[in-house]
Amino acid sequence: MPDALPRTGIAVDSTLLNTMRVAKETVVAIEYTLKDDQGNIIDASGERGPMEYLHGAQNIIPGLEQGVEGLVAGDTKNVLVPPQLGYGEYSEKLLQLVPLTAFGANTPQVGMRFHAETNLGMRVLTIKKIEGEEVTLDGNHELAGKTLHFDIKVVSVRAAEPTELAHGHPHQSGGCCGGGGCGSGEASGGGCCSTEEGSEGGCCSTEEPAAQKQGGCGSGGCGCS
Ligand SMILES: [Zn+2]
């Protein structure tokens, strides 16, 4: 008997209606702070704004993706990511020696990073040591072997658009690369999100969020609109 119900002036809080959970084929925006075991801040979304990614498309490291699964907008969580679910264990096999002459006219310095074609494909290499005429290159990700402590806050969760699913990355905030959304796939070498110093014409900042997978800028990156 609906007529018997009293009519009240309840205001509906629409934020409570938006309870879509993070799952495969949702586009998720998170704010995060990443710390190491000692509590040092390694990276944070901070001024860059929330990181948006397509859940289930390997846009971000597996341990973080697992940690966000099932959350709703507004949720906060501490996510502990061991190396094997982050950037892998540190491997001595990724160290190699090259002669100083390999750098030609450039002056190598410890800590410099650059892209190079290796037998594992295009990698970011770091100059680890320079001794005499020999340079030690390190192909490990700078976060390899580290346990990662993420403090995250889910900012939004929405269903992905068909084109986003097809491309494997989100398309908001300025196209493919705007929101840190450079997607899946192999590093493209000169792709849209090069981390190389002085790269020009790229549509992305040179800053690559640490939560994203290395080489996360796919060859399908900026070709779409
Ligand atoms: Zn795209």
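The values are calculated or read from the model by the stated rules, or taken from the named source; none is laboratory data. Since the model is a prediction, treat every value here as computed from it, not as a measurement. All Cβ positions, glycine included, derive from the backbone under ideal geometry; neighbour counts span all protein chains shown. For accessibility, only protein heavy atoms count, side chains too; no ligands or nucleic acids. Shrake-Rupley method; radii C 1.70, N 1.55, O 1.52, S 1.80 Å.
Quick one: work out the % antiparallel among DSSP beta bridges in the stretch 6-137, nearest 5. Here the antiparallel bridges make up roughly 95 percent for the stretch 6-137.
Quick one: if the Förster radius is 25 Å, what FRET efficiency do Met20 and Ala166 give, using the C-beta to C-beta distance and rounding to 0.05?
Taking R0 as 25 Å, the efficiency between Met20 and Ala166 is 0.75.
Volume per residue of the convex hull around the Cα atoms, evaluated for the stretch 37-149, comes out as 152 Å³. Using only the C-alpha atoms, the convex hull of the stretch 95-175 corresponds to 183 Å³ per residue. Given their separation in residues at 0.36 nm each and the Cα-Cα distance between them, Gln96 and Met112 gain 4.3 nm when the chain is fully extended. Contact order normalised by length for the stretch 13-169, with contacts defined as Cα pairs under 8 Å and 6 or more residues apart; what percent is it? 35 percent. Note on exposure: Lys93, Lys35 ranked by accessible area (1.4 Å probe, complete protein assembly) read Lys93, Lys35, with the most exposed listed first.
If the chain linking Ala105 and Lys77 were pulled fully straight, counting 0.36 nm for each residue of separation and taking away their Cα-Cα distance, it would gain 5.2 nm. Between amide H atoms placed 1.01 Å from N, distances below 5 Å from Ala44 occur with Leu34, all of them 5 or more places distant or on a separate chain.
What the phi angles of the stretch 134-149 give under the Karplus curve with 6.51, -1.76 and 1.60, with θ = phi - 60°, is a coupling list of 10, 10, 8, 9, 10, x, 6, 4, 4, 9, 4, x, 9, 7, 9, 10 Hz, glycine and proline written as x. Here's how it looks for Gly168: its modeled amide H is under 5 Å from none belonging to a residue 5 or more places away or on a different chain.
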